[in-house]
Amino acid sequence: MFDRVVIGVDPGVAATGLAVVAGGPGGGAGVVSAGTVRTRAGLPEPERLRAVYRAVSEAVLAHRPEAVAVERLLWGRNVGSAMGVARATGVVLLAAAEAGVGVFEYAPLEVKLAVTGNGAAGKREVRTALERIHGLADLPREADAADAVAVAVCHLAQSRALRTAAR
């Protein structure tokens, strides 16, 4: 019921952040792996989406997470970009569903609030909180991968809160 290994995903067609984070018994967390899946701009979108799907499927197979946590798409002004992110999210959901792993989606505000305590935090503040508050020393330099770590940490925090409430 409560998650120990989570795959965090910051979905996109051009770049998808993918991180495996393990929660410790004392409430801490550690980055098992993190990186960015990049797809070539000239490839047809179905090929790009297949690359995202394969990367998520391979991560699920290799790490056997209890959950996949995905940053939820917020519709903005760029509808074309949002459609690509929505499609990338769809293949992430499919990969998790095929493996029988539960998916949890979090809005960017929820992730920032869980990681920093401030829903309006910037990327630098999120990174600093991941390092200082959550003790994650080996954060990836790539923004998409670091965002995926933050999504996974958000889910671990939610899972811990549920565990505490169930006692």
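The values are calculated or read from the model by the stated rules, or taken from the named source; none is laboratory data. Fair warning: this is a prediction, and the values are worked out from it, not measured in the lab. Positions of Cβ are generated from backbone atoms using ideal geometry, with glycine treated the same way; all protein chains shown enter the neighbour counts. What goes into the accessible areas is simple: the full protein's heavy atoms, side chains included, and nothing from ligands, DNA or RNA. Shrake-Rupley method; radii C 1.70, N 1.55, O 1.52, S 1.80 Å.
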Here is a check on your reading of the model: is Ala121 in a strand (DSSP E or B) and open to solvent by less than 30 Å² (accessible area, probe 1.4 Å)? no
Please find, within region 124-154, the residue that is least open to solvent (accessible area, probe 1.4 Å) out of those that are among the basic types (Lys, Arg) and within 15 Å of Asp10 (Cβ to Cβ). Arg127
Inside region 1-66, counting only strands (runs of 3 or more DSSP E) that do not spill past its ends, which hold 2 or more residues that are at pLDDT below 95, open to solvent by 20 Å² or more (accessible area, probe 1.4 Å) and within 21 Å of Leu130 (Cα to Cα)? 29-38
Of the residues that sit in region 155-167 and are at pLDDT 85 or above and not small (Gly, Ala, Ser), which one is most open to solvent (accessible area, probe 1.4 Å)? Gln158
Flag for Val92 being open to solvent by less than 80 Å² (accessible area, probe 1.4 Å), of a type outside the set (S, T, N, Q), out of contact with any Pro (no Cβ under 9 Å at 6 or more places or on another chain) and within 13 Å of Thr16 (Cβ to Cβ): no
